[in-house]
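Novice: This is the structure I want to talk about, given as structure tokens.
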Amino acid sequence: MYRPTHFTFDALLSMSTFRKARPGVFEKEGWDYVDFYTYFLTSKDFDPTKFNQKVTDFLKRHIPVNENANSKYSFHIEPMLQAYMHSAADRQPGTTGSFQNLYIFAIIGGFILLIACVNFMNLATSRSMERAKEVGVRKAIGANKSNLILQFMSESLVLVFIGGILAIALVIAFLPFMEAFSGKQFGYSTLLNGTTWTIFFLVTLITGILAASYPALILANFKPIKVLKGTFSNSKGGTLLRRGLVVFQFCLSIALIAGTVIVFSQLNQLQQQDLGFQKAQRLIIDYNFDEKVNNNLEAIKNTLAKDKDVQSVTASRTIPGHFFQMPEQRLCLPMAK
């Protein structure tokens, strides 16, 4: 089957076969059975708003008034492309993504890039004295300020692009390990497409310009006479700015480290939290709420309880740690006294 896909399955069953096996779903339970997903192809001039209104009118015509007044469900359509990240449905036939996680990782990545930019500025300005004579000679033979800024910016952009290419090589090399760690399949065609290359180019360009702007301006403003005479020295304002950048860099690093420690401690707390039952020595049989099993549930429990290796037997709507709400179920808070 094509990957990635919106949903996964172990077997496919036709609706006619399912109707023969579970006729009560279509006769007794009727509108309360909502385990089906309906997909349809629309034309280019399709109007979702009008269609949703037609669905509402359809429900009013086919659901009795007393049931419609207490209707537990609302029917809405959503584009297939939005089902993974933007779905408003409570359940999906497959895994869904989280924009919150994307924002978190994007912010972390932005912080790391900002730290790298600040570090590059500090290194470039600290080495400015080594290139002071070069700037003085170039200005003495006719180079102007814009030429020097363009030169230093170009050098920085070349370094940033080389770093970006190395980063892509590392991503490709470690992609199998990332897939094994995350349990997701990315694929080279998904990562290395036109959109990805455009984003890579823009991020690299902005990072290079941001990191090289201040060092390029500092170097281009050197006075050739002072530089060639050897009387040039760093200004007090430049020293204070570099110290401020170092403090800012350390603040971001501390924030990232503190956030990592907090998240790790929270995950560790979740993993070690007392669940209220012992997970070891438990055998769980998921029978998918089969009607024949439900009708003979007590007999099955009694039979299993007679086994000398079985201490106790119980039944539940779903397995521990999962929740699957029945159509007629409602969770209510106790009335305040």
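Novice: In nm, what is the difference between 0.36 nm times the number of residues separating Thr38 and Phe99 and their Cα-Cα distance?
Specialist: Working: separation 61, 0.36 × 61 = 21.96 nm, distance 2.49 nm.
Stretched fully, the Thr38-Phe99 segment lengthens by 19.5 nm.
Novice: Please compute the length gained on full extension between Leu175 and Arg61, using 0.36 nm multiplied by the number of residues separating them and subtracting their Cα-Cα distance. Could you put the intermediate results ahead of the total?
Specialist: Numbers: separation 114, 0.36 × 114 = 41.04 nm, distance 5.33 nm.
Result: 35.7 nm gained on full extension.
Novice: Express the Stokes-Einstein translational diffusion coefficient of the range 239-293 in µm² s⁻¹, to the nearest whole number, given a Kirkwood radius over alpha-carbon pairs, 10 °C and a viscosity of 1.306 mPa s. Walk me through the numbers on the way to the answer.
Specialist: Numbers: Rh = 16.3 Å.
Taking Rh from Cα pairs, D becomes 98 µm²/s.
Novice: Pairs to check: Lys184/Lys279; Lys279/Lys308; Lys20/Lys292. Give those whose C-alpha atoms are more than 22 Å from each other in this structure. Walk me through the numbers on the way to the answer.
Specialist: On the way: Lys184/Lys279 27 Å; Lys279/Lys308 20 Å; Lys20/Lys292 15 Å.
Result: Lys184/Lys279 exceed 22 Å.
Novice: Counting only heavy atoms of the protein chains, get the accessible area per residue of the range 95-201 (1.4 Å probe) and round it to a whole Å² value.
Specialist: Details: 7200 Å² over 107 residues.
It amounts to 67 Å² per residue over the range 95-201.
Novice: List the residues, sorted by chain then number, that are 5 or more residues from Gly97 or on another chain and whose placed amide H is less than 5 Å from its amide H.
Specialist: Correct list: Met85.
The values are calculated or read from the model by the stated rules, or taken from the named source; none is laboratory data. Nothing here was measured: the structure is a model prediction, and the numbers come from that model. Note: areas computed on protein heavy atoms with side chains; ligands, DNA, RNA excluded. Shrake-Rupley method; radii C 1.70, N 1.55, O 1.52, S 1.80 Å.
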